[in-house]
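As structure tokens, the structure follows; a few thoughts come after it.
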Protein chains: 2
Amino acid sequence: MPLIRQARRQGGLALLAKQQGLRLTRQRRLIYSILEAAQTHLNAKQILAEAQKFDPGIDQVTIYRNLAVLKRLRVVDELDLLHLKGDQHYYEARQVRAHSHVACLSCGKVFEFYTPAMKTIDQALEKECGFEVSFTRIEIGGYCAECRKKRGVSPASLKGHKVPRSVEPERI
Amino acid sequence: MPLIRQARRQGGLALLAKQQGLRLTRQRRLIYSILEAAQTHLNAKQILAEAQKFDPGIDQVTIYRNLAVLKRLRVVDELDLLHLKGDQHYYEARQVRAHSHVACLSCGKVFEFYTPAMKTIDQALEKECGFEVSFTRIEIGGYCAECRKKRGVSPASLKGHKVPRSVEPERI
DNA sequence: ATCTATTTGCAAGTCATTTGCAATAACAAC
DNA sequence: GTTGTTATTGCAAATGACTTGCAAATAGAT
């Protein structure tokens, strides 16, 4: 998408926004720059906290509204991360190539992973169904090498037991 | 997982549930059988509606609680479908092989797609990272062949405009 | 500097999902 | 079959992410 690349080249959303009749407000710039600077995905609450360091008056609605705009502009991706971290959405500045989020169901760690097969999926879909892929979201759950070592291969008991929500490994 | 296969073979959850100290209530059976019979993903509300046809007194909390149990037992998968259909979760009885949900951003249609490359991803992750994959969720957004024909290749204007929530194509 | 449409912040809503709790029912042991 | 224990249910109330209405503020074109 040439539009997006152009916007990036001038260090922001200026051109892209202008072409859509959107305005580049202080808040909008800030929210985008936070996502751009973050090396990882953030949820609305985290973005709000970060934004308030620079603009204490900024409201959460502004975060939500701008995330919606940035999604429409396709410069930000929305993820769901398997609800591993609770029921919020996570956002990240759009990456160049497809990648997946891999979550360890034992320790809760989330990392990104890329392999060429991801591109192959899109190509197959295009060829077999004539579908034009805009974005692909791949989320993988399982057990990381460390946890496998630590606890043997078998996942913890499936029996439910209470754990604080923010910590719960939420096996799916 | 041999446990799951066993449970399936006897036509339900009996063995699997017993081994976890869980009870096979009327409601639990019903909810599982609805998902098993459905050829597609359903959300909590749809499951409740269907369940009430057979058990009018069944409550929505029972749906939610049992979906959580069935997820833990790994006989039901939870999807998010890109929030194309609103902010609810969708559930389906666990399928044998990995598959993806492909959503058309224009008409809202969701279909399933499988290509061997999906398996390749899991293998790459296993080989490169020593990660044990439990499940893979692939969600793809874009434009289906029909909509591409109808409206030309370009997606609708990116400019925001109000559309009832249940209908909005929610471009990401 | 002016004008107009977009955007903001606040307050109040919405809605899926969760939790507390007493009553009910599974199922194992008699 | 009866009994006892404990998981599960249904109800009502709460939670929490996200959205909406609206008047005031401001970006950006003229």
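With respect to B:Tyr91, determine if the residue is more than 14 Å from chain A (Cβ to nearest Cβ) and within 16 Å of DNA strand D (Cβ to nearest atom).
The answer is no for B:Tyr91.
Assess whether B:Phe135 counts as being aromatic (Phe, Trp, Tyr) and either modelled with pLDDT under 85 or surrounded by fewer than 18 Cβ atoms within 10 Å (Cβ to Cβ) (or both).
Considered against the rule, which asks whether it is aromatic (Phe, Trp, Tyr) and either modelled with pLDDT under 85 or surrounded by fewer than 18 Cβ atoms within 10 Å (Cβ to Cβ) (or both), B:Phe135 comes out as yes.
Could you run through the stretch A:14-53 and say how many residues are basic (Lys, Arg) and without any contact (Cβ under 8 Å) to a residue 12 or more places away in the chain?
Going through the stretch A:14-53 one residue at a time, the tally reaches 3.
Restricting attention to the stretch A:12-40, which residues are of a type in the set (A, V, I, L, M) and modelled with pLDDT of 80 or more?
Of everything in the stretch A:12-40, those that are of a type in the set (A, V, I, L, M) and modelled with pLDDT of 80 or more turn out to be A:Leu22, A:Leu24, A:Leu30, A:Ile31, A:Ile34, A:Leu35, A:Ala37, A:Ala38.
Could you look through the stretch A:70-88, keep only residues that are at the interface with chain B (Cβ under 8 Å from one of its Cβ atoms), within 13 Å of DNA strand D (Cβ to nearest atom) and modelled with pLDDT under 85, and pick out the one that is surrounded by the most Cβ atoms within 10 Å (Cβ to Cβ)?
By that ranking, first place goes to A:Asp80.
Restricting attention to the stretch B:45-69, report how many residues are within 16 Å of B:Tyr90 (Cβ to Cβ), within 14 Å of chain A (Cβ to nearest Cβ) and within 10 Å of DNA strand D (Cβ to nearest atom).
Number of matching residues: 3.
Of all residues in the stretch B:25-74, how many are within 9 Å of DNA strand C (Cβ to nearest atom) and among the charged types (D, E, K, R)?
5
Could you please let me know if A:Cys129 is more than 25 Å from A:Ile47 (Cα to Cα) and surrounded by 17 or more Cβ atoms within 10 Å (Cβ to Cβ)?
No, not satisfied.
Identify, please: which residue in the stretch B:20-43 is assigned to a loop (DSSP other than H, G, I, E, B) and within 18 Å of the chain's Cα centre (by Cα) and is, among those, surrounded by the fewest Cβ atoms within 10 Å (Cβ to Cβ)?
B:Gln39
The values are calculated or read from the model by the stated rules, or taken from the named source; none is laboratory data. Keep in mind it's a predicted model, so treat the numbers as computed, not measured. In this analysis, Cβ positions are derived from the backbone assuming ideal geometry, glycine residues included, and neighbour counts consider all displayed protein chains.
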